[in-house]
1. Which of (1) surrounded by fewer than 13 Cβ atoms within 10 Å (Cβ to Cβ); (2) within 21 Å of the chain's Cα centre (by Cα); (3) at pLDDT 90 or above is the odd one out, the single condition residue 143 does not satisfy?
2. Scan the range 97-127 for residues that are out of contact with any Leu (no Cβ under 8 Å at 6 or more places or on another chain), more than 21 Å from residue 52 (Cβ to Cβ), open to solvent by 50 Å² or more (accessible area, probe 1.4 Å) and hydrophobic (A, V, I, L, M, F, W, C) and jot them down.
3. Name the pairs: first residue in the range 62-87 and free of Cβ contacts under 8 Å to residues at least 40 places away in the same chain, second residue part of a helix (DSSP H, G or I), Cβ to Cβ under 6 Å, at least 6 apart or on different chains?
4. Of the conditions (1) modelled with pLDDT under 95; (2) within 19 Å of residue 51 (Cβ to Cβ), residue 135 clears all except one; give me its number.
5. Is the range 55-74 home to any residue that is touching a helix residue (DSSP H, G or I) at 6+ places or on another chain (Cβ under 8 Å), charged (D, E, K, R) and under 30 Å from residue 158 (Cβ atoms)?
6. Name the residues in the range 11-60 that are over 14 Å from the mean Cα position of the chain (by Cα) and among the acidic types (Asp, Glu), would you?
7. Tell me whether the range 68-83 contains one or more residues that are open to solvent by less than 70 Å² (accessible area, probe 1.4 Å), at pLDDT below 85, of a type outside the set (Phe, Trp, Tyr) and under 15 Å from the mean Cα position of the chain (by Cα).
8. For residue 58, are the conditions met, namely being aromatic (Phe, Trp, Tyr), touching a Pro at 6+ places or on another chain (Cβ under 9 Å) and under 21 Å from residue 20 (Cβ atoms)?
Amino acid sequence: MKSVLTFLDEKLEMSICIVLMSTLTVVLGVQVFFRYVMGASLSWSEELARYMFVWLVYLGIPYGCKVMRHIKIDAGLYLFPKAIRRHIVILGDIIFLCFAIAIVYYAWGLEMKQIKFGQLSPAIQIPMWIPYGAPLVGFFLTAIREIQTIIYRVKHLKDPEKDPNDIDLDELS
């Protein structure tokens, strides 16, 4: 059980993103082959590729948070005195955590409406709650990763040699 939890903690987002990107590449390659070589395109491939890309993006966000490389303005950080930079980074993480929780809250409501309506996608006839679930799942995982990041940064708040943006990936696990 511990090895499963370790795998999920260390490799969940990356594994799913690899599968999605590989499948996306194959589906689009097949579509290009059918369109330009066979002279007939597939009706479902572009819709499936779109939904896989949406999931890929929303699962990439928690991975970026896990390795502490999500978008931020480093130049703004260096405007603050060196003594409080670590606190400013943690404050930024807390604000992003609040944002992720807000997205989860609103995405949950949207997801419940999609399940209630029972709408199907036009080409592949999958329930639309599956594509609409990407923000819910992605930002739920993002919130978990941000909590881990905040704990890591608070534990290393007193390390005098460390830049608040530098991390040791081995210490995150």
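1. With (1) surrounded by fewer than 13 Cβ atoms within 10 Å (Cβ to Cβ); (2) within 21 Å of the chain's Cα centre (by Cα); (3) at pLDDT 90 or above applied to residue 143, the lone miss is (1).
2. 98, 99, 101, 112, 117
3. Correct list of pairs: 70/64; 80/88.
4. (1)
5. There is at least one residue in the range 55-74 that is touching a helix residue (DSSP H, G or I) at 6+ places or on another chain (Cβ under 8 Å), charged (D, E, K, R) and under 30 Å from residue 158 (Cβ atoms).
6. 46, 47
7. The answer is yes, given that some residue of the range 68-83 is open to solvent by less than 70 Å² (accessible area, probe 1.4 Å), at pLDDT below 85, of a type outside the set (Phe, Trp, Tyr) and under 15 Å from the mean Cα position of the chain (by Cα).
8. For residue 58, the condition - aromatic (Phe, Trp, Tyr), touching a Pro at 6+ places or on another chain (Cβ under 9 Å) and under 21 Å from residue 20 (Cβ atoms) - is met.
The values are calculated or read from the model by the stated rules, or taken from the named source; none is laboratory data. It should be emphasised that the depicted structure is a prediction, and the values quoted were computed from it without experimental measurement. No Cβ is skipped: glycine too gets one built from the backbone with ideal geometry, and neighbour counts run over all protein chains shown. These accessible areas exclude ligands, DNA and RNA; they are computed on the full protein's heavy atoms, side chains included. Shrake-Rupley method; radii C 1.70, N 1.55, O 1.52, S 1.80 Å.
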